[in-house]
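The values are calculated or read from the model by the stated rules, or taken from the named source; none is laboratory data. A quick note: this is a predicted structure, and the numbers were derived from the prediction, not measured. For neighbour counting, all protein chains shown are included, and Cβ atoms are generated from backbone atoms with ideal geometry for every residue, glycine included.
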Amino acid sequence: MARDLDAMDPNATGEPRQETMVINMGPQHPSTHGVLRLLLELDGETVVSCRPIIGYLHTGIEKNCEYRTWQQGVTFVTRADYLSPFLNELAYCLAVERLMGVEAPPRAQVLRVLFSEMNRIASHLVWLATSGMELGAVSIMLFGFRERELLLDIFEMATGLRMNHAYIRIGGVVMDLPPGATEKIVSFLDILPGRIREYESLLATNPIWVERNSGVGVLSAEDAIALGVTGPALRAAGISKDVRKDEPYSGYETYEFEVATGDSADCFARFEIRLEEMRQSLGIIQQCLDRLEEPGPVMVEDPKVRWPAQLEVGPDGIGNSPAYVKHIMEVSMEALIHHFKMVTEGVKVPGGEVYQPVESPRGELGMYVVSDGEHRPYRVRIRDPSFVNLQAVPRMVEGSLVADAIAVIASLDPVMGGADR
Amino acid sequence: MELATRVRERLPETIVARDEVTSVVAREDLVEVLGSLREDPELAFDLLSSLTATDWPGRSPRFWLSYELYSVAHRHRLRLKVGVDEDDPRAPSVTALYPTADWHERETYDFYGVRFDGHPDLRRILLPDDWEGHPLRKTEELGGVDTRFKGASVPPVDRRT
């Protein structure tokens, strides 16, 4: 890493520039949203140049996927962007299902949409909390995490875990909603609209919030598209690109919702868009609950695709139900053989390649999945929106004040687990 | 598919599989083809969604780059595939056309060792600067990286006991 400093060191280039100062921000800095590092060249308080440096959270998820079965891939990709685990699982499973020519049953698709939208709200609440904290609105930090806790309780109830759920699987979802979950979601739907109004009344006309966000970090539509920026940052520039509308998956074309766009292309527009997206997601969740009144299977019937076990939530997450363990260990030898084969060898996926995009809270999350016809993925590439969006930081920061860099990064909401994978 | 027909006029090697259009392009034509796909108002591929490589040892060419193109106006997608030989793992950089390719190309270089000619700053991006090798090549094993604690070492995952 010393090379980066050398490259910007005025003495190293032989052209002394007395006025500027190079400072290093991160990777251990509370305002950089995780382990993001910025190398800033400052002229007084003005940023002359900015270079984001990433990779501190690289965990080799893509390489790991190549060494496990297709089903195990779910548990790896869910850990990439740890604030949108359901979306990672969904994109991966949709890609694998398209390779296999399998479609999840209708009820599983509704559950996938339901959890995607709850996840979107949970992620936006973390964005609200952290960007509030970074800009000095500490009460917003407490509020955001408070409401997110309600969602994490629902996630924990349904999947056994607060993050890294591995709930969406190839061919459907692990299991149906447990008793009492619907009531919890209904009460969340009652609580959140009032809370969103509260955030808005605290921030939207707050002079400090407006001053820190309005007109800051402007990224025009042309620049955003050239830099590959998607999600709220692109929609803030007036481009209504949303994978849920443009290339619908899991039945999104049958849900009623609006894509929020802005026109000022600044941090404030991104703030307003995210609040509106939370409201739209609440509407989608309500539509999901209406559809869930009809019972049905949540996993395909094909024994060559579906996970063999009956799973249930235990104290430490999802595991085999005791009744199923009894069945394979004491009753049916065939069931044991089948279980052993599916768990150790896994499914076989026909050769080919697909690119499956979904709309994550941060933009287009794409899975490029290649199969060579065997039991393991040949290549999984996660096109993570945080990775791509971070490239736009220099464009938005250079020429502005160093304090604006904090607002800009907060408005992009990067998750380094996704950017570094 | 209408899109496939239109693309095939320019790129004869175009197939449709699983509702996705894929075209194979020669390495030396890549920049020109991308430029024309972008300028054609009926195709208007203005967003480069993703760029990565796949390694097929034993095949010729060994590395295949794939460019996922998207048109914001028409909402359609196209994948371009470019073969890169093992002996000369190079490809032209497309950063001049698509600035977003900057980090994607750095990542592809980092993971596969494919060099992009004309890239403004081709350095490793996710791995440390002093890392040796390109870990997503199929010839590299998973794990087996020595730790810095008194000569301790951990074998690759498939050779652990």
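Structure summary
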read-out	value
Filter result for A:Val358 (of a type outside the set (Lys, Arg), in a strand (DSSP E or B), at pLDDT 90 or above and under 30 Å from A:Arg37 (Cα atoms))	yes
Restricting the range B:35-54 to residues that are in contact with a Leu (Cβ under 8 Å, 6 or more places away or on another chain) and crowded, with 22+ Cβ neighbours inside 10 Å, the residue that is farthest from the other protein chains (Cβ to nearest Cβ)	B:Leu37
Selected residue (only one of B:Asp158, B:Asp110 is over 20 Å from the mean Cα position of the chain (by Cα) and not in a loop (DSSP other than H, G, I, E, B))	B:Asp158
Residue in the range B:64-71 that is over 23 Å from A:Val243 (Cα atoms) and either touching a residue at least 12 places away in the same chain (Cβ under 8 Å) or assigned to a helix (DSSP H, G or I) (or both) present	yes
Test: residue in the range A:329-336 that is surrounded by 19 or more Cβ atoms within 10 Å (Cβ to Cβ), out of contact with any Cys (no Cβ under 6 Å at 6 or more places or on another chain) and either modelled with pLDDT under 90 or outside the structural domain of A:Arg195 (by TED's automatic domain parsing) (or both)	no
Selected residue (criterion: farthest from A:Leu99 (Cα to Cα)) from residues of the range A:378-402 that are more than 13 Å from the chain's Cα centre (by Cα) and either at pLDDT 95 or above or part of a strand (DSSP E or B) (or both)	A:Leu401
Qualifying residue in the range B:139-151 (condition: in contact with a Ser or Thr (Cβ under 7 Å, 6 or more places away or on another chain) and among the hydrophobic types (A, V, I, L, M, F, W, C))	no
Among (1) part of a loop (DSSP other than H, G, I, E, B); (2) more than 10 Å from chain A (Cβ to nearest Cβ); (3) more than 20 Å from the chain's Cα centre (by Cα) - the single one B:Pro57 does not satisfy	(3)
Cross-chain or 6+ apart pairs with Cβ under 6 Å, the range B:147-161 first and surrounded by 10 or more Cβ atoms within 10 Å (Cβ to Cβ), then part of a loop (DSSP other than H, G, I, E, B)	B:Pro155/B:Gly144; B:Pro156/B:Glu141; B:Pro156/B:Leu142; B:Pro156/B:Gly144; B:Val157/B:Leu142
Criterion: touching a Leu at 6+ places or on another chain (Cβ under 7 Å) and within 25 Å of A:Ile23 (Cα to Cα) - qualifying residue of A:Asp384, A:Asp420, A:Asp413, A:Asp404	A:Asp420
The range B:85-105 - residue that is surrounded by fewer than 22 Cβ atoms within 10 Å (Cβ to Cβ) and in contact with a Leu (Cβ under 7 Å, 6 or more places away or on another chain) and, of those, nearest to the other protein chains (Cβ to nearest Cβ)	B:Pro99
Residue match in the range A:44-52 (condition: surrounded by 16 or more Cβ atoms within 10 Å (Cβ to Cβ), more than 23 Å from B:Pro120 (Cα to Cα) and at pLDDT 85 or above)	no
Selected residue [in the same structural domain as A:Ile406 (by TED's automatic domain parsing) and within 15 Å of the chain's Cα centre (by Cα)] from A:Leu94, A:Leu99, A:Leu90	A:Leu90
Failed criterion for A:Leu57 (all others in (1) within 14 Å of another protein chain (Cβ to nearest Cβ); (2) of a type in the set (A, V, I, L, M, F, W, C); (3) assigned to a helix (DSSP H, G or I) hold)	(3)
Qualifying residue in the range A:135-146 (condition: of a type outside the set (Val, Ile, Thr), within 16 Å of the chain's Cα centre (by Cα), farther than 30 Å from A:Gly351 by Cβ and in the same structural domain as A:Glu277 (by TED's automatic domain parsing))	no
Any hit, the range A:72-79, residues being over 24 Å from A:Pro232 (Cα atoms) and of a type in the set (Gly, Ala, Ser)	yes
Top-ranked residue of the range A:352-377 - restricted to ones that are more than 10 Å from every other protein chain (Cβ to nearest Cβ) and more than 26 Å from the chain's Cα centre (by Cα), ranked as surrounded by the most Cβ atoms within 10 Å (Cβ to Cβ)	A:His375
B:Asp130 under 21 Å from the mean Cα position of the chain (by Cα) and charged (D, E, K, R)	no
Lone unmet requirement of (1) closer than 15 Å to A:Ile273 by Cα; (2) surrounded by 14 or more Cβ atoms within 10 Å (Cβ to Cβ); (3) of a type in the set (Ser, Thr, Tyr) for A:Tyr255	(1)
Test: residue in the range A:235-244 that is in contact (Cβ under 8 Å) with a residue 40 or more places away in the chain and away from chain B (no Cβ under 14 Å)	no
Within the range B:115-137, tally of residues that are in contact with a strand residue (DSSP E or B) (Cβ under 8 Å, 6 or more places away or on another chain) and more than 8 Å from every other protein chain (Cβ to nearest Cβ)	6
Matching residues, the range A:283-323, being within 21 Å of A:Ser123 (Cβ to Cβ) and crowded, with 19+ Cβ neighbours inside 10 Å	A:Ile284, A:Ile285, A:Cys288
Enumeration of residues in the range B:8-34 that are crowded, with 17+ Cβ neighbours inside 10 Å, more than 15 Å from the chain's Cα centre (by Cα) and more than 17 Å from B:Val72 (Cα to Cα)	B:Leu11, B:Thr14, B:Val33
The range B:73-107, residues that are closer than 30 Å to A:Asp246 by Cβ, in a strand (DSSP E or B) and of a type outside the set (A, V, I, L, M, F, W, C)	B:Arg77, B:Arg79, B:Lys81, B:Pro92
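Residue by residue, here is whether (1) free of Cβ contacts under 8 Å to residues at least 24 places away in the same chain; (2) part of a loop (DSSP other than H, G, I, E, B); (3) within 14 Å of chain B (Cβ to nearest Cβ); (4) surrounded by fewer than 20 Cβ atoms within 10 Å (Cβ to Cβ) holds:
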| position | (1), (2), (3), (4) |
| --- | --- |
| A:Leu90 | no, no, no, no |
| A:Leu99 | no, no, yes, no |
| A:Val110 | no, no, no, no |
| A:His165 | no, yes, no, no |
| A:Pro179 | yes, yes, no, yes |
| A:Leu189 | no, no, no, yes |
| A:Leu192 | no, no, no, no |
